[in-house]
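The values are calculated or read from the model by the stated rules, or taken from the named source; none is laboratory data. In this text, all values refer to a predicted model and were calculated from it rather than measured experimentally. Glycine gets a Cβ as well: all are built from the backbone with ideal geometry, and neighbour counts include every protein chain shown.
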Amino acid sequence: MKDGRFSFLARSKNGLAAMNNERLAFSYVRMSSEKQIKGDSLRRQLDWGRKYADNNDLRLDDSMRDIGVSAWRGANRKKGALGEFLHMVRNGEVPAGSFLLVESLDRLSRAQVMDALELLISILRSGITVVTMGPPEQVYTLDSLNGDFGQLIITLTVMARAHEESQRKSERIRAAFANKRRLSQKGTRTNSSPPKWITATQVAKGEFAYSLNERAPLIQWIFQRSADGVGFDRIARELNSKGEHTLKPGDRGWFFTSVANIVRNRAAIGEYQPRENVDGIRVAHGDPIRDYYPRVISDELFLRAQKIRHRNRLGGRGGRYFTRVKTASRCCVGCSFMIRGCRLQRGGGGGGSVLALG
């Protein structure tokens with residue numbers, strides 16, 4: 001996919017009318033992690049999809065992929081490429097009579113059986129034929145499920161097995177993290193992914209030693225600037241002007257939020273907050289553990305930095321303009337002047353901020 005669209009399906013007023021009534025096929029590839037791409041599975045699925053399309057005179061789009069997206073809780077149908085496909089099906093942008101090619105039904109869903117079956121039936125009711133690679137190769141339509149009791153039983157069996165596998169995997173992972181939290185509470189350093197200014201060195205199975213790395217002086221500088229009364233937006237601008245790399249890959253520059261997240265992170269004073277997954281969201285579990293990491297700043301500097309942390313709350317990349325202010329949506333309560341745009345100006349001898357209305 002590119003920009004939320006499939007490779008040859010441009011969203012337009014006429015939809016797919018310009019396809020000259022060609023029959024379309026969409027090859028959907030989902031893998032739960034990037035590591036799986038390194039194997040032979042991706043090539044095998046793509047080769048099968050191209051062969052099936054050639055043999056059945058279908059025009060193939062093989063750009064629909066969800067890599068690192070789970071099907072257990074339905075993330076792929078909510079926000080992934082599959083979700084985009086389903087949206088286009090509902091809007092009529094993917095015409096009835098098209099084909100959806102997948103390795104197995106568990107690529108579409110690993111949810112509970114009735115939820116997975118509901119998804120499959122909704123696709124079939126839209127006139128989309130689903131084909132799985134197998135072996136053996138299976139072709140699913142509403143007529144085939146209604147008329148072939150054996151195919152329905154196989155479908156339910158595949159869905160049940162897929163959900164049970166994901167359920168067991170989730171339970172194993174949850175138990176492993178619970179054990180890591182217990183060990184951490186007893187003083188064992190188990191976190192293999194500490195903040196970016198700390199390096200984790202494995203000293204035993206599941207146990208690590210931590211040390212500050214070359215990014216530590218940057219963190220100290222950010223805290224000091226914040227403690228001196230400098231707002232997060234200005235700190236971001238200063239870092240961007242110096243060409244300072246951010247802590248994360250895919251360096252898009254510093255933003256208000258990237259500075260704020262550092263200043264609010266208590267790992268800077270050595271604390272570790274154990275967490276757990278609840279409905280796919282990482283939430284705090286139990287009390288934070290003190291003196292878990294090597295501290296990069298003092299408690300006193302951390303507290304001083306927090307006192308002004310709400311300055312310049314509006315977010316966006318550190319630059320001349322606020323990038324996340326909605327336009328033409330608010331009026332000044334004093335004079336009813338419509339705010340159509342906001343710009344931060346540096347004015348006055350004290351370098352204060354002036355909010356300009358335009």
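What the table shows:
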quantity: Conditions (1) outside the structural domain of Leu105 (by TED's automatic domain parsing); (2) modelled with pLDDT of 90 or more; (3) exposed (fewer than 15 other Cβ atoms within 10 Å of the Cβ): number failed by Lys169; calculated: (2)
quantity: Ala160 touching a Phe, Trp or Tyr at 6+ places or on another chain (Cβ under 6 Å) and at pLDDT 90 or above; calculated: no
quantity: Members of region 185-202 that are part of a loop (DSSP other than H, G, I, E, B) and either within 22 Å of Gln220 (Cα to Cα) or basic (Lys, Arg) (or both); calculated: Lys186, Arg189, Ser193, Pro194, Pro195, Lys196, Trp197
quantity: Top-ranked residue in region 249-274 [being of a type in the set (D, E, K, R) and within 18 Å of the chain's Cα centre (by Cα); ranked as modelled with the lowest pLDDT]; calculated: Asp251
quantity: Single residue of Leu247, Leu218 found to be part of a helix (DSSP H, G or I) and either under 18 Å from Arg282 (Cβ atoms) or without any contact (Cβ under 8 Å) to a residue 40 or more places away in the chain (or both); calculated: Leu218
quantity: Hits in region 39-58 (condition: in a loop (DSSP other than H, G, I, E, B) and on the phi < 0 side of the Ramachandran plot); calculated: Gly39, Asp40, Asn56, Leu58
quantity: Subset of region 65-80 [of a type outside the set (D, E, K, R) and either part of a loop (DSSP other than H, G, I, E, B) or surrounded by 22 or more Cβ atoms within 10 Å (Cβ to Cβ) (or both)]; calculated: Gly68, Val69, Ser70, Ala71, Trp72, Gly74, Asn76, Gly80
quantity: So Gly150, is it at positive phi and either surrounded by fewer than 14 Cβ atoms within 10 Å (Cβ to Cβ) or assigned to a strand (DSSP E or B) (or both); calculated: no
